[in-house]
Amino acid sequence: MARRRQIYEGKAKILYEGPEPGTIIQYFKDDATAFNAQKKGTINGKGVINNRISEYVFTRLSHIGIPTHFIRRLNMREQLVRQVEIIPLEVVVRNVAAGSLSKRLGIEEGEVLPHTLIEYCYKDDSLGDPKVSEEEIACFNWCSHEEMQDMSSMAVRINDFLSGMFSGIDIRLIDFKLEFGRIWDGDFARVILADEISPDGCRLWDINTNEKLDKDRFRRDMGGESEAYQEVARRLGLLQNEDNGPGEVLDMSAHRGRLRSTPKPGKK
Ligand code: TMP
């Protein structure tokens, strides 16, 4: 089959024209970047794992009524999604202080926040995805007031659901980033969840050891990033499937002990 037309290449994904109008194919790369692409590298097998994790998370979210762009996974690195007009905002949800919040406000990483915070960043790499206020979003018309309300109420529901889902597999959801897009029905636009949800855009700590199971391992040169991503997939029950065929996902069993040095739940 002829290769489909490439629409866009991002830092971690390539978008191709889909088989029907209004559809897109998302291809998940192993490329990793941090600090607005100042740091570049590869995480072996990441694309395969993120494709599976994101498929699983988006499917679970659709079961609780969150509208998403996900249609179906096509193969190990590709999924079919609805074409959306991406809203140029990153919606960051935080439960525990970490990363830029800790740096900006001097709050120690790991401090549980008195309540969940939602932040918005303007998607522009050349500006370093700056944090923006609701006033600025309205002023520059990046989205409407109703769209902001839809995004923030979905973000809260997603956070509640994912916090529970991850705590069931001994993982703390520290923070994460969401992206939303518009789909048009005549003159009427509806906001749906887009992009991906994977350890690239979440902070996930082992509930017992606080071991990082996410892209901070890459950002902070800690090593073991492939193993960490695989560990998340394994705990979600996604690695038993045979289609993690040879060659694509590496066998990380040799490293797993280190990342799984987790006391049994209840034995703190
Ligand atoms: P931060 O602490 O660096 O602001 O990141 C908060 C969360 O958002 C963290 O889970 C990583 C995620 N994130 C992205 O996925 N992409 C980004 O460009 C940024 C800045 C954060």
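Rounded to the nearest 0.05, what FRET efficiency is calculated for Glu146 and Leu238 with R0 set to 30 Å and r the Cβ-Cβ distance?
0.25
Taking square-rooted eigenvalues a ≥ b ≥ c of the alpha carbon gyration tensor, is the range 1-55 rounded, prolate or oblate, where a/c under 1.5 means rounded and, failing that, a/b exceeding b/c means prolate? Can you show the working numbers first?
Working: a/c = 2.37, a/b = 1.72, b/c = 1.37.
In terms of gyration-tensor shape, prolate.
Quick one: pull the percent of accessible area on the chain belonging to carbon and sulfur, 1.4 Å probe, ligands and nucleic acids left out.
49 percent
Choose one answer from Met148, Met165, Met222: the residue with the largest mean-square fluctuation in a GNM of the chain with alpha-carbon springs under 10 Å.
Most flexible of the set in this elastic network: Met222.
Quick check: from the Cα gyration tensor, does the range 77-175 come out rounded (a/c under 1.5), prolate or oblate?
oblate
Starting from the Cα of Ile66, step 7 Å along the direction of its Cβ; do the same at Lys131; then give the gap between the two resulting points in nm.
Distance between label points: 2.2 nm.
Pop the C-beta distance of Leu113 and Lys39 into the FRET formula with R0 = 25 Å and round what comes out to the nearest 0.05.
Plugging the Cβ-Cβ distance into 1/(1 + (r/R0)^6) gives 0.40.
DSSP beta bridges in the chain, what fraction antiparallel, as a percent rounded to 5?
100 percent
With a/c under 1.5 counting as rounded, go ahead and sort the range 200-241 into rounded, prolate or oblate using the C-alpha gyration tensor (a ≥ b ≥ c being the square roots of the eigenvalues; past the cut-off, prolate if a/b is larger than b/c, else oblate).
Working: a/c = 2.06, a/b = 1.49, b/c = 1.38.
It comes out prolate by the Cα gyration axes.
Place the peptides 42-48, 200-206 in order of packing, highest mean first, counting for every residue the other Cβ atoms within 10 Å and averaging per peptide.
Top to bottom by mean Cβ count within 10 Å: 200-206, 42-48.
Among Ser54, Ser100, Ser152, which one shows the biggest mean-square fluctuation in a GNM of the chain, springs joining Cα atoms closer than 10 Å?
Result for the chain, Cα springs under 10 Å: Ser100 fluctuates most.
State the extension gain, in nm to one decimal, for the chain segment bounded by Asp187 and Thr23, taking 0.36 nm per residue of separation less the distance between their alpha-carbons.
This chain segment gains 57.1 nm when fully extended.
Of the cross-linked pairs Lys40/Lys131; Lys103/Lys131; Lys11/Lys215; Lys13/Lys40, which ones have a Cα-Cα span greater than 19 Å in the structure shown?
Result: Lys40/Lys131 exceed 19 Å.
Say each of Lys123 and Gln6 gets a label point 7 Å from the Cα, pointing the same way as Cα to Cβ; how far apart are those two points in nm?
The two pseudo-label positions are separated by 1.9 nm.
The values are calculated or read from the model by the stated rules, or taken from the named source; none is laboratory data. In this text, all values refer to a predicted model and were calculated from it rather than measured experimentally. Cβ coordinates were reconstructed from backbone atoms using ideal geometry, including for glycine residues, and neighbour counts include every protein chain displayed. Accessible surface areas use protein heavy atoms only, side chains included; no ligands, DNA or RNA. Shrake-Rupley method; radii C 1.70, N 1.55, O 1.52, S 1.80 Å.
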